[in-house]
1. Distances longer than 19 Å among the Cα atoms of the stretch 1-70: what percent of all pairs is that?
2. Using alpha carbons only, how many angstrom separate the centre of the stretch 122-177 from the centre of the stretch 10-44?
3. Can you figure out the FRET efficiency of residue 46 with residue 169, using R₀ = 35 Å and their beta-carbon distance, to the nearest 0.05?
4. Mind telling me which of 151, 11, 106 comes out most flexible in a GNM of the chain, alpha-carbon contacts under 10 Å?
5. When the Karplus curve 6.51 cos²θ - 1.76 cosθ + 1.60 is applied with θ = phi - 60°, which whole-Hz ³J(HN,Hα) does each residue of the stretch 18-30 get, with x for Gly and Pro?
6. Neighbouring Cβ atoms within 10 Å as the yardstick, rank 165, 134, 54 fewest first.
7. Per the Kirkwood formula on distinct C-alpha pairs, the Rh of the chain is how many angstrom?
8. Can you tell me which lysines have their Cα less than 24 Å from the Cα of residue 162? Leave out same-chain residues fewer than eight positions away.
Amino acid sequence: MRIRNNRGLTLVETLVSAIIGAIIAGIILAILGMQGSVLNEGTANAKSLRQVNTAEDIVATMVRPANLLLAGDEYDQWSKTPSGFTQRSVATVLAFDSAGVLTGGLKTGGTCLLETDDNQDWDTVKIGQEAISTSTASPFVLSADRKHLSLYMDIQTTYRTKTYTMPVRGVMFQCRN
């Protein structure tokens, strides 16, 4: 008499194995998808931080060697001993040396940060080919003595069709005098 070989899998065992395999594959794909979105967030944050640092460096380069800071509408009010000003938020800030010569300026234009050295020609501030973008209309806060400038702006970065916003709040810069 021959003994029958029962080593094969039944249909139920095959279906259970396929379902368990599908569940494990789904979990692995979900983990990989989350890692991709975390990588995108990290890349966007690094890009935003680079733009914030560049904007802060540009402001520092303009403000620190200056003697006096004025709002765009105060251009003709330069004085060695400024008085009568109040603290205010402005869209345009101009830097002057001790002789009253304009040394630089920054303003928000539309959605971009702009810079000048003559208050006539304004250039977009860029990192490589990409403009530094802000959604804040009046990001510069001038002190009453016009010797300090604080930043209150939102830097916006677009990465893979998604816009990220990095707030800059209260970073203060001081003139040398």
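Nothing in this text is a laboratory measurement; each read-out follows from the coordinates by a stated rule. These figures come from a predicted structure and were not determined experimentally. Cβ coordinates were reconstructed from backbone atoms using ideal geometry, including for glycine residues, and neighbour counts include every protein chain displayed.
1. Numbers: 1675 of 2415 pairs.
So the pairs more than 19 Å apart make up 69 percent of the total in the stretch 1-70.
2. Taking the Cα centre of the stretch 10-44 as reference, the centre of the stretch 122-177 is 42 Å away.
3. Details: r = 20 Å, r/R0 = 0.56.
Once rounded, the FRET efficiency stands at 0.95.
4. 11
5. Ordered by residue, 3J(HN,Hα) equals 5, 5, 4, x, 5, 5, 5, 5, x, 5, 5, 5, 5 Hz.
6. Numbers: 165 12, 134 23, 54 16.
With the sparsest Cβ surroundings first, the list reads 165, 54, 134.
7. On the way: mean 1/r = 0.0506 Å⁻¹.
After inverting the pairwise mean of 1/r, the radius is 19.8 Å.
8. Filter leaves 47, 126.
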